[in-house]
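Asks: One structure follows; several queries about it will come next.
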Number of protein chains: 2
Amino acid sequence: MTDDTTKAAPESPAPPAGDVESQTPATGFGVTGILRRWRREDLVKRGSLALRGLGFLFSLLAFIVMASNSHGGWEDFDKYEEYRYVLAIAILSTLYTGAQALRQAQEMHAGKQFFPPLTLALVDFFGDQIVAYLLISAASSAIPLTNRMRQGADNIFTDSSSAAISMEFLAFIALAFSALISGYKLSTQSYI
Amino acid sequence: MTDDTTKAAPESPAPPAGDVESQTPATGFGVTGILRRWRREDLVKRGSLALRGLGFLFSLLAFIVMASNSHGGWEDFDKYEEYRYVLAIAILSTLYTGAQALRQAQEMHAGKQFFPPLTLALVDFFGDQIVAYLLISAASSAIPLTNRMRQGADNIFTDSSSAAISMEFLAFIALAFSALISGYKLSTQSYI
């Protein structure tokens, strides 16, 4: 953010002083301020896309690992409500982050937005926040069961469960940061 | 900060119009806009205090109910890591929300802030958000164990555990909304 401005500074040694400054809000002054703001918005956009992509990757991994985690007998994820919860939330998060990342990539490619910006900002923020809460909830609910199982047996079933839980926790981290960025975007909507 | 200004408003029925307007950011126009903004800030402050008060109440209840939940034999919260986690997070949340509500009440009484506003806004937002994540995590981790116990026995131990978990979930709801308000406050800080 500040790196760009230090680079841009030598190119415009004398920014217009006077009327322009008093009309712009407190974020920047004159042309350099506007340029700085554009670069920051671009950074925010890329960061948001990267975090959602990471969230999608980790959710998908959690989904695949947990869904393939049945080895007969008691070693079947379908026999435990915690693991079913983990799977359900992994599917939901995969769909949500996948759809959002796809939409964002399309928008960056086309260079325009297909939905009203305020609706989009609200859906973005509440979606990210709710999915983050669901992910941490699912991961937390499955950890004690897995801990207890590993005291008795340490095999491919418990290892796969741990892996799926870890992936879900990483997806939570990505979504929590994405919710921060979405909150920032929502706050820069002009109606507030 | 804003309390002084709302109190001061009737004493100066004709505030200077003109220069003042052009300096304010884009939120409102003229005197009505400024008044509207003051009222909204007052509402935000009261809402934040009320939510933190609720969060304190529910956390304290969860703490008391869980800490007194030992009836000998297997009916002892200390024997289960999930319930110890619930207790630990209830204590942490009680301390955090209590301290924050106390500080806010003092500030509203004194009509001024004792800390730099940006530091305060950052601590507020990240504190609320992190405590909300911890609360939903603790509540989620203890629910499956309690469910399984209640299939075998439905007595005062399982009932108290359920009550503590419910209180912790309500505290989570309060903190999640408080984090929304803190995020709004952070976004209105002028540096952004």
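Asks: Just the residues that are within 14 Å of chain A (Cβ to nearest Cβ) and either on the phi > 0 side of the Ramachandran plot or at pLDDT below 85 (or both), please, taken from the stretch B:96-127.
Replies: The one that is within 14 Å of chain A (Cβ to nearest Cβ) and either on the phi > 0 side of the Ramachandran plot or at pLDDT below 85 (or both): B:Leu118.
Asks: Only one of A:Gln100, A:Gln104 is touching a Ser or Thr at 6+ places or on another chain (Cβ under 8 Å), open to solvent by less than 50 Å² (accessible area, probe 1.4 Å) and part of a helix (DSSP H, G or I). Can you tell me which?
Replies: A:Gln104
Asks: Every residue in the stretch A:166-181 that is open to solvent by 30 Å² or more (accessible area, probe 1.4 Å) and small (Gly, Ala, Ser), please. Steps first, please.
Replies: Initial filter on the stretch A:166-181 (open to solvent by 30 Å² or more (accessible area, probe 1.4 Å)): A:166-167, A:169-170, A:173, A:177, A:180-181.
Within the stretch A:166-181, just A:Ser166 meets the criteria.
Asks: Then there is this: Return the residue satisfying two criteria in turn: it lies in the stretch B:128-165 and is in contact (Cβ under 8 Å) with a residue 24 or more places away in the chain and away from chain A (no Cβ under 13 Å), and of such residues it is most open to solvent (accessible area, probe 1.4 Å).
Replies: B:Ile156
Asks: Which condition from (1) open to solvent by 70 Å² or more (accessible area, probe 1.4 Å); (2) in contact (Cβ under 8 Å) with a residue 12 or more places away in the chain is the one that B:Ala121 breaks?
Replies: (1)
The values are calculated or read from the model by the stated rules, or taken from the named source; none is laboratory data. Fair warning: this is a prediction, and the values are worked out from it, not measured in the lab. We place every Cβ from the backbone using ideal geometry, glycine too, and count neighbours over all the protein chains shown. The area values use the complete protein model at the heavy-atom level, side chains included, leaving out ligands, DNA and RNA. Shrake-Rupley method; radii C 1.70, N 1.55, O 1.52, S 1.80 Å.
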